[in-house]
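A quick write-up on the structure given underneath.
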Amino acid sequence: MAEMLTKTLELVKVPSFNPGIIGSSSNYIVRCIKCGHTQEINAAFWKDYVQHPYCKYCDQY
């Protein structure tokens, strides 16, 4: 089960810092329930993102 960040955003993947694994990423993957898009959030910006989570496809800021 994915962790919910807000009522419409869920965290679907956390970074896996293993360069030997294909598909490993240093990014968090967040999915918007409203529009279905996923977005990658760089780990360096994660603390800022979780303060104000938003969907870059359907949330207007």
Quick one: S25 ticks every box in (1) at pLDDT 85 or above; (2) crowded, with 16+ Cβ neighbours inside 10 Å bar one, so which box is it? (1)
I want to confirm something. Restricting to the range 33-52 and keeping residues that are under 9 Å from the mean Cα position of the chain (by Cα) and not aromatic (F, W, Y), which single residue is surrounded by the most Cβ atoms within 10 Å (Cβ to Cβ)? I41
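The values are calculated or read from the model by the stated rules, or taken from the named source; none is laboratory data. Predicted model only: the values in this text are computed from it and were never measured. Heads up, the Cβs are rebuilt from the backbone with ideal geometry, glycines too, and the neighbour counts pull from every protein chain shown.
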